[in-house]
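A.B. asks: Here it is, the structure in full.
The values are calculated or read from the model by the stated rules, or taken from the named source; none is laboratory data. The shown structure was predicted, so the numbers you read here are calculated from the model rather than taken from an experiment. Positions of Cβ are backbone-derived with ideal geometry, glycine not excepted, and every protein chain shown enters the neighbour counts.
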Amino acid sequence: MGETVEQAGFDRQGETLCLRGALVTRQVGPIWDAVMKAARGVRRVDLSGVSSLDTTGAALVLRSVAVAGEAQVEGASKPVAAVMERARTALAAPRPASGPDQLPLVAAVGAWGISLLQRLVVSTGFLGETVVMGAAVLRYPRRLRFNDLLRHLDEAGLRAFPLTLLLGTLIGVILAFQSSIPMRQFGAEIYIPPLVGISLVRELGPLVAAIILAGRTGSAFAAELGTMTVNEEIDALRIMGVDPMAMLVLPRLVAAMLVMPVLSLLMDLSGLIGMGVVMANLGFPPALVLNQLEQWLTLGGLVGGLGKSVIFGLAIAGIGCRSGLSAGRGPRAVGDAATAAVVGGIVATVVLDGLFAVLFYRLGW
Amino acid sequence: MADAPEMADIHRTRVEDPVVEAHDLTMAFGSNVLFRDVTFQVARGEVFVILGGSGCGKSTLLKLLIGLYRPSQGEIHILGEDLQAAQGAARRDLLSRLGVMWQSGALFGSMTLLENVMLPLEEHTRLPRAAREEVARVKLGLVGLSDAANRLPAEISGGMAKRAGIARAMALDPPLLFLDEPSAGLDPITSAGLDQLIKDLARDLGTTFVVVTHELQSILAIGDRCIMLDKQAQGMIAEGDPRELRDHATHPTVRAFFRREAA
């Protein structure tokens with residue numbers, strides 16, 4: 001049962017705009033545009049027929065007065081006049097000079113460049129702090145909080161095993177099936193195991209493990225530390241004389257560096273198993289597949305792959321922690337930090353992988 | 001165990017055509033009873049305060065009144081309708097006739113203050129965009145935030161966020177506004193300004209306010225009537241004019257509260 005209110009309406013009598021009825025939020029929407037048209041050129045706005053008025057109705061009256069030019073408001077009852085006066089005072093208050101997104105193009109480019117530079121400075125500072133903290137921990141290992149380290153090992157490593165196994169197996173199956181089509185044309189299906197094996201061990205294993213780490217763990221680090229930043233917990237730590245780098249960042253970095261080779265190895269093994277299943281399907285016995293792998297896979301390739309995965313882990317965790325610690329204010333900042341962590345982590349991984357490819361090529365690995 | 005009725009300072013006023021009516025409300029979470037048999041009425045145009053110490057169930061009672069929780073027992077009527085029973089369009093219509101200011105402001109972080117206030121207008125009215133913006137500017141002007149219209153919630157202070165929360169709650173000019181701890185955590189000057197704003201809006205716009213607070217100065221400044229909940233009594237221990245209760249309360253907790261004494 002809604003309250004019944006008098007219908008809002010208007011008419012123009014010569015140079016007077018007569019408004020009537022209940023000028024309230026629910027009523028003025030449908031007549032707003034028509035009132036503005038009728039208000040053009042009037043000299044008086046008559047409110048004697050207005051039975052009730054709220055601030056939305058007052059906004060309608062004030063806008064119609066503005067559209068008319070210099071119209072006189074008359075005939076308002078005492079309560080209507082009181083609301084009009086409140087709304088008039090509210091609208092008379094100074095408005096913001098300009099919106100937040102009204103920078104000229106040159107200034108916008110400059111602001112973007114400055115913010116980029118600032119981010120670079122923050123990242124460099126973070127890198128420096130990490131190196132100093134790492135050196136300090138090597139000297140005083142007790143500064144590393146082992147309970148936190150174990151928790152992060154569990155969250156970033158153990159809990160990522162099922163996903164890694166699933167993705168690794170599927171990637172092995174897909175690679176084997178996809179490569180079998182062109183290989184069959186040359187009668188070279190026997191070379192599928194070394195093709196898939198080398199791809200996995202040297203490139204895909206560490207790369208996909210890094211993407212899993214960036215998506216699962218890098219974003220979680222950023223969100224967790226970002227929330228702590230928003231809640232001023234990081235400031236509280238600093239004021240208590242506790243270094244957030246030692247307490248929060250270092251265990252995460254070490255955990256990511258430790259779990260990455262394990263995840264990469266798991267990815268490699270599950271991929272090889274997936275490939276083996278496809279090969280068996282194609283009529284190649286496991287002994288033959290193993291023989292091929294033994295012949296083509298080198299210890300150098302495996303160590304190179306696992307070694308670079310450690311650096312990927314360091315980069316992903318570092319970017320995740322840095323994004324969280326430099327989060328802004330408000331709930332949106334946490335989302336931005338998590339996005340920056342995932343995007344930054346994946347980009348950094350691919351860039352580093354490119355550098356490793358050049359390095360390994362030069363070294364002849 | 002609840003206090004004996006004669007101990008409580010309950011001076012019930014019979015209200016004709018109440019805007020809010022709570023009858024024998026009981027709220028329990030599992031076996032933990034928060035309060036029982038809470039009954040009160042709020043008259044049109046008055047500032048009604050729900051007060052009490054921490055953990056007595058003030059905010060839970062507010063959430064019952066606005067339909068976020070269901071009472072374990074009892075009935076609530078808002079603007080003459082049963083919010084719990086209202087469904088679909090009827091519920092939507094009823095919700096558009098009440099506004100809520102949350103303790104933290106609960107502003108949407110990705111929107112400017114102006115867009116926050118425009119949102120209910122967009123959902124519930126057929127006002128053209130320019131009109132919605134004009135109306136939203138009036139509401140922000142009413143709470144003194146005209147110059148902050150284009151700022152994001154993350155860029156304003158706690159006091160400004162509360163005022164913006166009131167502006168958004170008032171977006172549709174609802175006849176009934178619920179305010180959760182409007183002056184908590186604010187400096188005395190900002191708090192007094194907010195109290196004045198509530199009084200002005202009640203007087204000029206005829207808005208009914210239901211305010212949850214434990215700020216004594218605010219209660220005395222704005223409250224026409226109040227009820228007091230108590231954790232130990234698991235229910236209401238006072239109802240009436242806050243100034244009367246301050247001067248003539250007999251219940252020890254009510255007296256201690258108004259005289260700022262340790263219980």
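A.B. asks: Being modelled with pLDDT of 90 or more, surrounded by 21 or more Cβ atoms within 10 Å (Cβ to Cβ) and over 25 Å from residue B:207 (Cβ atoms) is true for just one of A:23, A:17. Which residue is that?
C.D. replies: A:17
A.B. asks: Condition first: surrounded by 17 or more Cβ atoms within 10 Å (Cβ to Cβ) and at pLDDT 90 or above. Now tell me which residues in the stretch B:1-25 satisfy that.
C.D. replies: B:18, B:19, B:20, B:21, B:22, B:25
A.B. asks: Something else: List the pairs whose first member sits in the stretch B:9-35 and is more than 13 Å from residue B:73 (Cβ to Cβ), whose second member is exposed (fewer than 15 other Cβ atoms within 10 Å of the Cβ), and whose Cβ atoms are under 7 Å apart, counting only residues at least 6 apart or on separate chains?
C.D. replies: Close Cβ pairs (under 7 Å, with a partner that is exposed (fewer than 15 other Cβ atoms within 10 Å of the Cβ)) amount to B:9/B:250.
A.B. asks: Now, a different point. Any residue in the stretch A:172-200 that's farther than 23 Å from residue A:305 by Cα: show its pairings with residues that are small (Gly, Ala, Ser) at Cβ separation under 8 Å, as long as the two are six or more apart or on different chains.
C.D. replies: A:189/A:180
A.B. asks: Within the bounds of the stretch A:311-331, is there any residue that is free of Cβ contacts under 8 Å to residues at least 60 places away in the same chain, farther than 29 Å from residue B:106 by Cα and of a type outside the set (A, V, I, L, M)?
C.D. replies: So far as the stretch A:311-331 goes, no, none of its residues is free of Cβ contacts under 8 Å to residues at least 60 places away in the same chain, farther than 29 Å from residue B:106 by Cα and of a type outside the set (A, V, I, L, M).
A.B. asks: May I pose another question? Got a sec? Which of A:130, A:124 is surrounded by 11 or more Cβ atoms within 10 Å (Cβ to Cβ) and of a type in the set (Ser, Thr, Tyr)? Lay out the reasoning, then the answer.
C.D. replies: Values: A:124 fails: surrounded by 11 or more Cβ atoms within 10 Å (Cβ to Cβ).
Selected residue: A:130, the only one of A:130, A:124 that is surrounded by 11 or more Cβ atoms within 10 Å (Cβ to Cβ) and of a type in the set (Ser, Thr, Tyr).
A.B. asks: Which one of these is within 45 Å of the chain's Cα centre (by Cα), at pLDDT below 85 and more than 7 Å from chain B (Cβ to nearest Cβ): A:118, A:102? Walk me through how you get there before you give the answer.
C.D. replies: Numbers: A:118 fails: at pLDDT below 85.
Checking each option against the conditions leaves just A:102.
A.B. asks: Right, something else. Out of the stretch B:190-237, which residues are assigned to a helix (DSSP H, G or I), surrounded by fewer than 19 Cβ atoms within 10 Å (Cβ to Cβ) and not basic (Lys, Arg)?
C.D. replies: Answer for the stretch B:190-237, where residues must be assigned to a helix (DSSP H, G or I), surrounded by fewer than 19 Cβ atoms within 10 Å (Cβ to Cβ) and not basic (Lys, Arg): B:190, B:192, B:193, B:196, B:197, B:200, B:202, B:204, B:216, B:217, B:220, B:221.
A.B. asks: Going residue by residue through the stretch A:106-123, is there one that turns out to be closer than 30 Å to residue A:9 by Cα and among the aliphatic types (A, V, I, L, M)?
C.D. replies: no
A.B. asks: Okay, next question. I'd like the full set of residues that are more than 8 Å from residue B:99 (Cα to Cα) and in a strand (DSSP E or B), limited to the stretch B:174-188.
C.D. replies: Answer for the stretch B:174-188, where residues must be more than 8 Å from residue B:99 (Cα to Cα) and in a strand (DSSP E or B): B:179, B:180.
A.B. asks: What about residue A:336, is it part of a helix (DSSP H, G or I), charged (D, E, K, R) and within 14 Å of chain B (Cβ to nearest Cβ)? Working first, answer last.
C.D. replies: Details: part of a helix (DSSP H, G or I): yes; charged (D, E, K, R): yes; within 14 Å of chain B (Cβ to nearest Cβ): yes.
When the stated conditions are applied, residue A:336 passes them.
A.B. asks: Please enumerate the residues belonging to the stretch A:134-167 that are touching a Ser or Thr at 6+ places or on another chain (Cβ under 9 Å) and more than 13 Å from residue A:213 (Cβ to Cβ).
C.D. replies: Of everything in the stretch A:134-167, those that are touching a Ser or Thr at 6+ places or on another chain (Cβ under 9 Å) and more than 13 Å from residue A:213 (Cβ to Cβ) turn out to be A:165, A:166.
A.B. asks: Being among the small types (Gly, Ala, Ser) and surrounded by fewer than 21 Cβ atoms within 10 Å (Cβ to Cβ) is the filter; apply it to the stretch A:161-209 and report the residue that is nearest to residue A:253 (Cα to Cα).
C.D. replies: Narrowing the stretch A:161-209 to residues among the small types (Gly, Ala, Ser): A:168, A:172, A:176, A:179-180, A:187-188, A:197, A:199, A:205, A:209.
Subset that is surrounded by fewer than 21 Cβ atoms within 10 Å (Cβ to Cβ): A:179-180, A:187-188, A:199.
On the way: A:179: 37, A:180: 40, A:187: 47, A:188: 44, A:199: 27 Å.
Among residues in the stretch A:161-209 that are among the small types (Gly, Ala, Ser) and surrounded by fewer than 21 Cβ atoms within 10 Å (Cβ to Cβ), the one nearest to residue A:253 (Cα to Cα) is A:199.
A.B. asks: Moving on to the next point. Quick check on this structure: which one of A:333, A:357, A:348 is surrounded by fewer than 22 Cβ atoms within 10 Å (Cβ to Cβ), at pLDDT 95 or above and not charged (D, E, K, R)?
C.D. replies: A:348
A.B. asks: When the stretch B:93-131 is examined, which residues are found to be among the basic types (Lys, Arg) and over 15 Å from residue B:173 (Cα atoms)? Before you say what the answer is, go through the steps one by one.
C.D. replies: Initial filter on the stretch B:93-131 (among the basic types (Lys, Arg)): B:97, B:126, B:129.
Residue satisfying the conditions is B:129 alone.
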